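What follows is one structure encoded as structure tokens, with my remarks underneath.
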């Protein structure tokens, strides 16, 4: 199984992914921040760059599955449009199925609080980017994952609720 956690910067995708691992027997996290985003010249607005990063993610998953026996994956990333997410689902489904996708969201104030709490780099730029991504994701036409509001929830609660939903889907 592959669970994709989509959502804006600071919504809690990575923390939720780590918590979700506890529910699987043998799973791994694939964090898009470290595949593509670790390259200084990576351009998130260039479709070819995004495609290469997604293919790299799938290659990593394939390797972990064959070499380490990992059966399930939780992917944490930002897929800004339905085409990016559809491509990711398509490529990742060649590694494991089913592929389920959630769009994690949070109210504007909650999102800002979470970004500020992280204190990564240029906080004001990150807050602005979090709000920009939130607007992009909530106004996009098409499927970006099953919407899930994390605003008033702890990471533990989000993971538990997602796990219950995953069990219903599979």
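The values are calculated or read from the model by the stated rules, or taken from the named source; none is laboratory data. All values reported here derive from a predicted model rather than from experimental measurement. Please note: Cβ atoms are built from the backbone with ideal geometry, for glycine as well, and neighbour counts cover all protein chains shown.
Answer yes if at least one residue in region 4-16 is at pLDDT 95 or above, touching a helix residue (DSSP H, G or I) at 6+ places or on another chain (Cβ under 6 Å) and farther than 24 Å from residue 123 by Cα, and no otherwise.
No - not one qualifying residue is present in region 4-16.
Could you figure out which of (1) within 17 Å of residue 79 (Cβ to Cβ); (2) at pLDDT 95 or above; (3) part of a loop (DSSP other than H, G, I, E, B) isn't true of residue 153?
In the conditions (1) within 17 Å of residue 79 (Cβ to Cβ); (2) at pLDDT 95 or above; (3) part of a loop (DSSP other than H, G, I, E, B), residue 153 misses (1) alone.
How about region 105-148: which of its residues are buried (at least 18 other Cβ atoms within 10 Å of the Cβ), farther than 30 Å from residue 66 by Cα and in contact with a strand residue (DSSP E or B) (Cβ under 8 Å, 6 or more places away or on another chain)?
If the condition is that a residue be buried (at least 18 other Cβ atoms within 10 Å of the Cβ), farther than 30 Å from residue 66 by Cα and in contact with a strand residue (DSSP E or B) (Cβ under 8 Å, 6 or more places away or on another chain), then 105, 106, 134, 137, 148 are the ones that fit.
For region 66-95, name all the residues that are out of contact with any strand residue (DSSP E or B) (no Cβ under 8 Å at 6 or more places or on another chain) and part of a helix (DSSP H, G or I).
Within region 66-95, 66, 67, 82, 83, 84, 86, 87, 90, 91 meet the criteria.
Could you please let me know if residue 166 is in contact with a strand residue (DSSP E or B) (Cβ under 8 Å, 6 or more places away or on another chain), within 17 Å of residue 5 (Cα to Cα) and surrounded by fewer than 20 Cβ atoms within 10 Å (Cβ to Cβ)?
Numbers: in contact with a strand residue (DSSP E or B) (Cβ under 8 Å, 6 or more places away or on another chain): yes; within 17 Å of residue 5 (Cα to Cα): yes; surrounded by fewer than 20 Cβ atoms within 10 Å (Cβ to Cβ): yes.
Taking the combined requirement at face value, the residue satisfies it.
I'd like to know if region 135-148 contains one or more residues that are touching a helix residue (DSSP H, G or I) at 6+ places or on another chain (Cβ under 8 Å) and part of a helix (DSSP H, G or I).
Taking every residue of region 135-148 in turn, none turns out to be touching a helix residue (DSSP H, G or I) at 6+ places or on another chain (Cβ under 8 Å) and part of a helix (DSSP H, G or I).
Output the number of residues of region 23-62 satisfying the condition of being modelled with pLDDT of 90 or more, out of contact with any helix residue (DSSP H, G or I) (no Cβ under 8 Å at 6 or more places or on another chain) and closer than 23 Å to residue 155 by Cα.
Number of matching residues: 3.
In the list 103, 111, 20, which residue meets the criterion of being closer than 19 Å to residue 156 by Cα, in contact with a helix residue (DSSP H, G or I) (Cβ under 9 Å, 6 or more places away or on another chain), part of a strand (DSSP E or B) and in contact (Cβ under 8 Å) with a residue 24 or more places away in the chain?
Unique residue meeting the criteria: 103.
I'd like the full set of residues that are in contact (Cβ under 8 Å) with a residue 24 or more places away in the chain and in contact with a strand residue (DSSP E or B) (Cβ under 9 Å, 6 or more places away or on another chain), limited to region 149-162.
The answer is 149, 150, 151, 158, 162.
Of all residues being under 15 Å from residue 30 (Cβ atoms) and out of contact with any helix residue (DSSP H, G or I) (no Cβ under 9 Å at 6 or more places or on another chain) in region 73-92, which is surrounded by the most Cβ atoms within 10 Å (Cβ to Cβ)? Just the residue, please.
Per the criteria, the residue is 85.
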